[in-house]
Amino acid sequence: MRSICVYTSGRMEYGLLRGLMTDIASSDDLQLQILVSGMHLSPEFGMTVDDIRDDGFVPDEKVEILLSGDTTTAVCKSMGLALIAYGEALQRLQPDIIVVLGDRFEAFCMAAAAQVCRVPVAHIHGGEITQGAIDEAFRHSITKMSHLHFASCEAYRQRILQLGESAEHVFNVGALGVENIRRTRIMSRQELAESISFNLDRAYFLVTFHPVTLEASTAKTQIEALLEALQGVSDYPVIFTKTGADTDGRVINQMIDDFVRSHDDRAVALTSLGTVRYLAAVKYSAAVIGNSSSGIVEVPSLKVPTVNIGDRQKGRVRAASVIDCRPDSRAIKTAIKRAIDPKFRRSLRATANPYEQPDTAKQIVESLRNIRLKGIIKKQFHDIDAAMAPEPVSCHE
């Protein structure tokens with residue numbers, strides 16, 4: 001029986017991986033292992049390992065790596081701890097393949113440890129671009145340390161090939177987050193309101209904002225601009241979801257808490273909504289505002305507008321429902337005004353999500369089951385002849 005270890009370090013990627021983990025666990029010829037780390041084990045970020053247990057999963061390894069700090073030095077120290085501890089965990093688990101999703105520093109450390117321990121890495125969401133975040137470099141580095149690649153659209157598959165990966169190991173499967181919308185029973189509006197103890201009788205905004213980690217000390221000014229813009233649409237209640245373990249993340253979370261305290265009649269902040277509540281919060285919202293990847297990837301499938309602020313997600317393929325704006329209050333106000341315009345909202349009925357494909361998890365499981373592992377660790381770099389290079393593929397078509 002082939003053992004597949006799924007790595008998760010926070011609520012964001014676990015929400016995407018949950019359906020895939022269920023499919024692996026239910027397979028007759030695959031054994032699911034779960035390595036939990038990072039924000040999952042931190043009270044500051046909601047101790048979301050409990051959500052994993054509530055879903056019926058039992059972690060095989062719990063590896064604590066986070067330090068109490070959001071500085072660049074604290075992140076670097078956490079990375080050092082992660083590399084040591086992940087190598088030890090892999091030696092204990094001895095998986096046949098480890099699944100890593102995304103681009104965070106924790107995922108980079110796991111891929112590096114797996115490379116040294118000679119464990120093949122299956123990487124999900126490679127080939128993407130986020131020009132405003134340090135995650136950009138981590139993602140492409142993970143690609144070079146990975147052996148199986150599951151891209152979320154054809155443009156990203158082409159970029160992975162451009163990085164020298166073998167075409168037989170690179171697949172365009174769509175986005176797990178989009179498939180999860182189809183697989184999840186979405187709560188009613190009333191159930192959501194009761195779950196978060198917040199009145200949702202009026203149209204409201206869902207806000208998720210993260211630091212732009214390739215910009216020095218812009219978190220405070222950018223969240224100030226966002227909060228000022230929200231002051232100008234006082235008829236709309238606001239649900240905030242807090243940021244994770246990023247540099248300057250605490251600055252954002254503190255300012256959100258201050259805003260909620262002074263606007264407790266129309267605002268609430270949660271450390272983690274979880275997948276089920278998050279999808280419901282998106283579905284019934286007037287708009288999703290911030291700079292989260294979910295606003296680009298998943299939200300368009302629920303026919304809800306996204307106001308995408310600043311450069312954190314710059315470079316991603318996006319649907320027509322995404323409204324990009326600069327990180328200043330005037331531009332954000334203008335984008336919000338467009339998002340709530342009835343004519344624009346009606347146009348969303350025809351929105352096509354470039355990340356949507358059928359059977360995403362099934363395709364991944366089939367590859368994990370059938371890929372030939374003998375010799376896979378010894379990768380070759382596959383050069384693309386400039387004259388034969390494929391034309392860029394637009395996911396808008």
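The values are calculated or read from the model by the stated rules, or taken from the named source; none is laboratory data. The model shown is predicted, which means the values in this text are computed figures rather than measured ones. Virtual Cβ from ideal backbone geometry, glycine too; neighbours counted across all protein chains shown.
Points worth noting:
- Which listed residue is part of a loop (DSSP other than H, G, I, E, B), of a type in the set (A, V, I, L, M) and either farther than 22 Å from Cys325 by Cα or not assigned by TED's automatic domain parsing to the domain that holds Met12 (or both), from Ala229, Ala203: Ala203
- Helices (runs of 4 or more DSSP H) fully within region 249-300 counting 2 or more residues that are under 24 Å from Val173 (Cβ atoms) and aromatic (Phe, Trp, Tyr): none
- Per the listing Gly38, Gly132, Gly127, the residue uniquely crowded, with 17+ Cβ neighbours inside 10 Å and in contact with a strand residue (DSSP E or B) (Cβ under 6 Å, 6 or more places away or on another chain) is Gly127.
- Residues satisfying the stated conditions in region 83-109, i.e. over 16 Å from Asp248 (Cβ atoms) and modelled with pLDDT under 95: Gly102, Asp103, Glu106
- Consider region 362-382 and keep the residues that are in contact with a Lys or Arg (Cβ under 8 Å, 6 or more places away or on another chain) and not in a loop (DSSP other than H, G, I, E, B). The one that is nearest to Ser152 (Cα to Cα) is Leu368.
Every residue, every condition in (1) more than 16 Å from the chain's Cα centre (by Cα); (2) surrounded by 21 or more Cβ atoms within 10 Å (Cβ to Cβ); (3) more than 21 Å from Thr143 (Cβ to Cβ); (4) touching a residue at least 60 places away in the same chain (Cβ under 8 Å), yes or no:
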{"site": "Ser285", "(1), (2), (3), (4)": "yes, yes, yes, yes"}
{"site": "Asn291", "(1), (2), (3), (4)": "no, yes, yes, yes"}
{"site": "Val304", "(1), (2), (3), (4)": "yes, yes, yes, no"}
{"site": "Arg349", "(1), (2), (3), (4)": "yes, no, yes, no"}
{"site": "Gln357", "(1), (2), (3), (4)": "yes, no, no, yes"}
{"site": "Asn370", "(1), (2), (3), (4)": "yes, no, yes, no"}
{"site": "Ile377", "(1), (2), (3), (4)": "yes, no, no, yes"}
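- Restricted to region 1-117, the set of strands (runs of 3 or more DSSP E) holding at least 3 residues that are over 25 Å from Arg372 (Cα atoms) comprises 61-63.
- Qualifying residue in region 173-196 (condition: over 16 Å from Leu279 (Cα atoms) and of a type outside the set (Gly, Ala, Ser)): yes
- Residue count, region 320-343 (criterion: at pLDDT 95 or above, in a loop (DSSP other than H, G, I, E, B) and crowded, with 21+ Cβ neighbours inside 10 Å): 1
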